[in-house]
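To start, the structure under review is shown below, and the notes come after it.
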Amino acid sequence: MTLDSIINEINNAKTLVILTHMNPDGDAIGSSLALYCSLLKLKKDVDVIVPEHSSIYNFLPRINDLKKEPTKEQYDIAIALDCGDIKRLNGFSESFENAKCKISIDHHEINTMFADYNFVNPASPACAQILITVIEALGVEIDNEIGTCLLTGILTDTGGFKYPATSAETFEFTAELLRKGVKVSDIYKRVLQTISKKRFELRKVAINRLELLENGKIAFTYITNKDMETVEAEEGDHEGIVDIGRDIEGVEVSIFLKETEDGTYKISLRSNEYVNVADIALLFNGGGHIRAAGGSITGTIEQSKERLVAECKKHLK
C-alpha cells in the first residue's frame, strides 16, 4: 500500500526534490541520480540537492545536474534517499519539511520514519536495490544510464558483493544489467579499486597512525583538516579508510575519525562478526547498519578516542 501511495503521489506531482544524507557515499549518489533520471523520463520538474561529493563519482550520468541548493521555496514532493533520520539530511531538511508531500526510501535498520510515506526495507543491501522496485512501479524502463547509477549504489554498499546482506536478487539484477550493456567491471574498478594519488597519501597518514587496542579487537585511526590540506585531498578522499582497520585479522570493531570544518569529528564505525555498531552510533548523534554506522563527536582526538573505545569495549566478547 505504501508503494502504491508513493507512485500515485509522484504521478500527480509537478515539482520534486531529491535529498540524501550528508557526506554522500556511492549508494546515496547513485540512488539520487537513478531516481532523477527516471523522473526526467516522466517529464517531471526535479532537482537533486547534493552540495558536495567525491570526484570518484564524476563518471556517473547526469552528475553535472546536481545542485548545491534548492531552486524553489516549496516542492510538491520531497524524497529522502538512503537516510534514516531527517537530522542527517545534507543541510536541507527545511526543503524536506516544507514540501507538500514527504517520502522516504531507505534501507537502514534504524529509521525514524520521518516522512508521510516511508518505504523502508532493512533487509536490502542498498537503497539502490529498493529503488529498482520503485522505478519499475513508475513504469520507467531501467536503461544503461539508470542501471549504471543503481549498480554504483549496489556495488559500494555491498563492498563489491562481499557483505552478508547481498542477496540472490542482487546478482539477478546485476546479470540483467550486464545483458543491457552496463559495464559492471568498469564500475567496479572505478568505485572500489582505483584510488587517486591524493587518496593514497591520505591512507598512508591514517595507516601510520592506526592503533590496535583491546588485544587487537579494536582498530583506531583518524585524519585532521591539516592532513587534508597537506596532501591536497578532495571531498570524499577519506572514504574507505575505516575498512583498512576492519580488514586486519582479529579486529572486531574499526573506528575512524575525520575532522570537520567546525572542528568536530565525523565517526565511521565498522564491525566484523557480532558487534552492532548502529547501537553505538546512536550514542554519538548517528546511526546506520549493524556492521556499518556513523555519527559525530566533539572534543580532542584523545578524548574522542577514549569515549569511543570505552563504548566499543562494552560490546566485545
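Values quoted throughout were computed directly from the atomic coordinates according to the rules given, and no laboratory measurement underlies them. No experiment lies behind these values; they were computed from the predicted model shown. Because the Cβ atoms are built from the backbone with ideal geometry, glycine has one as well, and the counts that use them run over all protein chains shown.
Quick look at the values:
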quantity	calculated
Summed side-chain charge close to Ile6 - residues other than Ile6 whose Cβ falls under 15 Å, Lys, Arg +1, Asp, Glu -1	-3
Simple spin-label estimate for Glu201 and Phe171 in nanometres, 7 Å along Cα-Cβ	4.2 nm
Extension gain (nm, one decimal) between Asp243 and Asn11, 0.36 nm per residue minus Cα-Cα	79.4 nm
Degrees between helix 2-12 axis and first principal axis of the chain (Cα, 0 to 90, nearest 10)	60 degrees
Angle between the chain longest axis and helix 127-137 axis [Cα atoms, degrees, rounded to 10]	10 degrees
Largest-first principal axis extents, alpha carbons of the chain, Å	56, 41, 39
Inter-probe distance in nm under a simple model that places probes 7 Å from Cα toward Cβ, at Val184 and Leu283	4.1 nm
Spin-label pair Lys226/Leu42, simplified geometry with 7 Å Cα→Cβ offset, distance in nm	5.1 nm
FRET efficiency estimate (nearest 0.05) - Cβ-Cβ, Asn64 to Glu273, R0 30 angstrom	0.10
Antiparallel bridge percentage (DSSP; both residues within the chain; nearest 5)	40 percent
Packing-based order for 160-168, 135-143, using average beta carbon neighbours within 10 Å, highest first	135-143, 160-168
Where Rh is the Kirkwood radius over Cα pairs, Rg/Rh for region 237-291	0.98
Cα-based helix-to-principal-axis angle, 301-313 vs the chain, degrees rounded to 10	80 degrees
